[in-house]
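What follows is a single structure, written as structure tokens, with notes after it.
The values are calculated or read from the model by the stated rules, or taken from the named source; none is laboratory data. Because the structure is predicted, anything quoted here is derived from the model rather than measured. Virtual Cβ from ideal backbone geometry, glycine too; neighbours counted across all protein chains shown. Only protein heavy atoms, including side chains, enter the accessible area calculation; ligands, DNA and RNA are left aside. Shrake-Rupley method; radii C 1.70, N 1.55, O 1.52, S 1.80 Å.
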Amino acid sequence: MDAEQRSGRLDDVHVPQRPRAVVLMLHGGRQQSEEPVRNRHASWWRMALLSKAFARTARREHLAVHLLQYRARGWNDAARPWPVADARSALSELRERHGDLPVVLVGHSMGGRTACRAADDPSVVGVVALAPWLPQGEPVGALSGRALHVLHGTMDRWTSARLSADFVERARRVATEATWESLAGAGHYMFRRVRAWNAFVEDSVLRIVGARADGRHDHDDDATRGPA
């Protein structure tokens, strides 16, 4: 089958009987590649592990969690990026399953860029981007009326923390809120400071969909918030 004719795969990580919101996890990839995504690829299983960690919070908070596997590893088409098309298809499928529940997109690297592009879907209320690939001049319009929370490691040599901070600064003109934090000593692949990455996702998602009952935001990492 031709690469463009393949479809992505949507996995159920945790689906409660009556979820109050939905979280869609989006993995990273490459600038150019028509190779199909496999479970053995690090970009996918990295988000599978994060999804599994977040499932504990999802059970407590009555959140549905789904993980998208793109049809191919690459961004590929500048005019119609493949992972963005896959994310939009997944969002339509989730709307059929869950109705009008609010959706938060959580993306790493290319998945962060995908989330920021697909944020204009009517179900999406916010984006959590981890070490996102956001080139200079990346458009922010899709985030209009949505929340955006970005975390970038200080040791990232693969994607630019400076450009992601610039993106957040521009997004503040259209987003309901936009925050940027740096994570000391962390690189791109989230191998170091795992608890801090996971805690940022938990806190950011709950900030977007509504604080948990006890109102706690208690991760003890030393992430540094950027300028407001």
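A few comments on the model shown:
- Distant-in-sequence amide H partners of residue 133 (H built 1.01 Å from N, under 5 Å): 109, 110, 112, 113
- Mean Cα-pair separation over length for the stretch 1-98, i.e. relative contact order, pairs under 8 Å, 6 or more apart, %: 40 percent
- Counting only protein heavy atoms and a 1.4 Å probe, the stretch 102-210 has 36 square angstrom of accessible area per residue.
- Carbon plus sulfur fraction of accessible area for the chain, probe 1.4 Å, in percent: 48 percent
- Alpha carbon convex hull of the chain, projected area averaged over orientations, nm²: 11.6 nm²
- Accessible surface for the stretch 1-72, divided over its residues, is 52 Å² per residue with a 1.4 Å probe.
- Short-range pairs are left out: with C-alpha atoms under 8 Å and at least six residues apart, the relative contact order of the chain is 17 percent.
- Selected from 51, 92, 160 as most flexible by GNM, with the chain as the system and alpha-carbon contacts under 10 Å: 92
- Dividing the summed -39500 (n - 2.57) terms of all DSSP H runs of n ≥ 4 by the residue count of the chain sets its mean residue ellipticity at 222 nm at -10500 deg cm²/dmol.
- Highest mean packing first, where packing is the average number of other Cβ atoms within 10 Å per residue, the peptides 76-89, 146-159 line up as 146-159, 76-89.
- Built amide H within the under 5 Å cut-off of residue 192, gap 5+: 187
- For the stretch 14-92 versus the stretch 158-203, the gap between their alpha-carbon centres in whole angstrom: 18 Å
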